[in-house]
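Structure record follows, encoded as structure tokens.
The values are calculated or read from the model by the stated rules, or taken from the named source; none is laboratory data. Every value quoted in this text rests on a predicted model; they were computed, and no experiment measured them. Backbone-built Cβ (ideal geometry, glycine too); neighbour counts: all protein chains shown.
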Amino acid sequence: MTNNKIIDDLYKLTEINPHSVMNDPDVAHLTIHHNKVLGTHLVPGLHVDVQSFEDGINAKIRVDKDTIIKNPVHICFGMLPEKGVQKIIMDVHVKENAQVSIIAHCVFPNAVDVKHIMDANIKIDDNARYSYFERHVHGDKGGIKVYPKAKVELGKRSRFKTEFELLKGRVGEIYIDYETTGKEYSVLEMTSRINGTADDIINIKETAYLTGEGARGALNSRIAVRENAKAEVYNKLIASAAHARGHVDCKEIVQGNGIATAVPVVEVNHPKAHVTHEAAIGSVDDKQLQTLMARGLTEDDATDLIIEGLLS
């Protein structure tokens with residue numbers, strides 16, 4: 001199978017036209033299948049060094065000081081075979097006053113026994129901005145285990161935003177582990193949206209330390225579990241400096257024999273810091289359900305629409 005055919009097969013399950021990405025000289029992109037680089041294009045100020053090993057890659061990503069990457073950088077990680085391991089080790093450094101946004105497509109349509117392991121170290125220097133949107137597309141067999149792990153360090157007045165989305169296909173098993181530290185007047189936001197069915201397992205552990213004066217942070221989780229799926233969300237936010245502000249928000253919908261657990265932990269170590277939390281677990285709202293069914297939707301379609309709204 002040619003590289004172009006693999007790229008087409010990976011991207012066709014996403015919402016992105018690969019040719020519009022690959023053919024635009026102003027858009028940077030990187031495509032990884034298992035442990036091989038199938039395509040890459042960089043723009044000024046962005047540096048990517050990829051080294052392959054048996055079951056994955058080491059990727060160093062650098063954004064030069066004062067560089068603003070205008071268009072989102074597209075990265076595609078995937079595996080088409082039914083079995084295998086893909087390990088991605090990432091080292092990201094966004095230097096002072098730089099800005100970059102990454103859209104990561106993680107595609108595993110045929111997984112029967114696949115592991116996808118992501119281990120990232122991210123450093124965002126003073127006044128820099130880094131946004132990472134990770135969208136997973138899985139098949140319907142549930143034979144995949146996903147392990148995203150990251151440690152993030154935010155400099156003064158820097159911004160970090162990450163979104164994890166897994167709405168297409170079976171989750172299989174996923175274990176998210178993110179730890180973020182924010183210095184003075186930094187802003188961090190972490191959001192997860194995951195739809196679990198059958199016997200999927202969802203485990204989210206997110207920890208944020210607001211160590212600098214005026215630092216702000218938000219941890220958001222939107223989870224649906226149906227049939228026999230299970231979800232456990234552990235969000236911890238610690239504020240230890242004057243005027244630090246944070247919020248933990250977890251909402252989970254449970255249907256059938258699904259099981260959901262939410263553990264929001266907030267800790268304040270300074271008299272002028274303030275952190276809040278909100279957790280809600282329950283079934284689909286009856287009033288919403290009846291309203292949609294009165295408009296002609298079946299109960300299943302109405303339930304799907306309500307869950308789609310939660311995860312949007």
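List of remarks:
- Cross-chain or 6+ apart pairs with Cβ under 6 Å, the range 251-263 first and surrounded by 21 or more Cβ atoms within 10 Å (Cβ to Cβ), then among the acidic types (Asp, Glu) and in a loop (DSSP other than H, G, I, E, B): none
- Qualifying position, being under 21 Å from GLU179 (Cβ atoms) and either out of contact with any Asp or Glu (no Cβ under 9 Å at 6 or more places or on another chain) or surrounded by 20 or more Cβ atoms within 10 Å (Cβ to Cβ) (or both), among LEU305, LEU219: LEU219
- Annotation: of all residues in the range 261-297 being among the aliphatic types (A, V, I, L, M) and touching a Cys at 6+ places or on another chain (Cβ under 9 Å), the one that is farthest from THR211 (Cα to Cα) is ILE281.
- ALA239 being in contact with a Gly (Cβ under 7 Å, 6 or more places away or on another chain), crowded, with 20+ Cβ neighbours inside 10 Å and either polar (S, T, N, Q) or modelled with pLDDT of 95 or more (or both): yes
- Close pairs from the range 32-45: first touching a residue at least 24 places away in the same chain (Cβ under 8 Å) and over 11 Å from ILE7 (Cβ atoms), partner surrounded by fewer than 17 Cβ atoms within 10 Å (Cβ to Cβ) and polar (S, T, N, Q), Cβ under 8 Å, at least 6 apart: ASN35/SER52; VAL43/ASN71
- Considering ASP113, ASP49, ASP66, the condition of being without any contact (Cβ under 8 Å) to a residue 24 or more places away in the chain and surrounded by fewer than 17 Cβ atoms within 10 Å (Cβ to Cβ) is satisfied by ASP49 alone.
- If you check VAL248, VAL284, VAL233, VAL266 for being surrounded by 15 or more Cβ atoms within 10 Å (Cβ to Cβ) and farther than 28 Å from ASP199 by Cα, only one passes: VAL266.
- Among (1) under 20 Å from MET79 (Cβ atoms); (2) under 16 Å from the mean Cα position of the chain (by Cα) - the single one ASP140 does not satisfy: (2)
- Test result for ARG193, touching a Lys or Arg at 6+ places or on another chain (Cβ under 6 Å), basic (Lys, Arg) and closer than 22 Å to GLU96 by Cα: no
- Residue list for the range 181-203, restricted to those being polar (S, T, N, Q) and under 14 Å from the mean Cα position of the chain (by Cα): THR191, SER192, ASN195, ASN203
Residues are listed down the side, and each one gets a yes or a no for (1) among the acidic types (Asp, Glu); (2) surrounded by fewer than 18 Cβ atoms within 10 Å (Cβ to Cβ):
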{"position": "ASP55", "(1), (2)": "yes, yes"}
{"position": "LYS70", "(1), (2)": "no, yes"}
{"position": "MET79", "(1), (2)": "no, no"}
{"position": "LYS83", "(1), (2)": "no, yes"}
{"position": "ILE89", "(1), (2)": "no, yes"}
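- If the condition is being among the hydrophobic types (A, V, I, L, M, F, W, C) and either under 20 Å from VAL233 (Cβ atoms) or in contact (Cβ under 8 Å) with a residue 12 or more places away in the chain (or both), then the range 273-304 contributes ALA273, VAL275, ALA279, ALA280, ILE281, VAL284, LEU289, LEU292, ALA302.
- Of all the listed residues (GLU278, GLU213, GLU267, GLU206), the sole one being within 30 Å of SER158 (Cβ to Cβ) and at pLDDT below 95 is GLU278.
- For LEU311, the test of being touching a strand residue (DSSP E or B) at 6+ places or on another chain (Cβ under 7 Å), crowded, with 19+ Cβ neighbours inside 10 Å and touching a residue at least 12 places away in the same chain (Cβ under 8 Å) is failed.
- Matching option when the condition is at pLDDT 95 or above, aromatic (Phe, Trp, Tyr) and within 19 Å of the chain's Cα centre (by Cα), among PHE108, PHE53: PHE108
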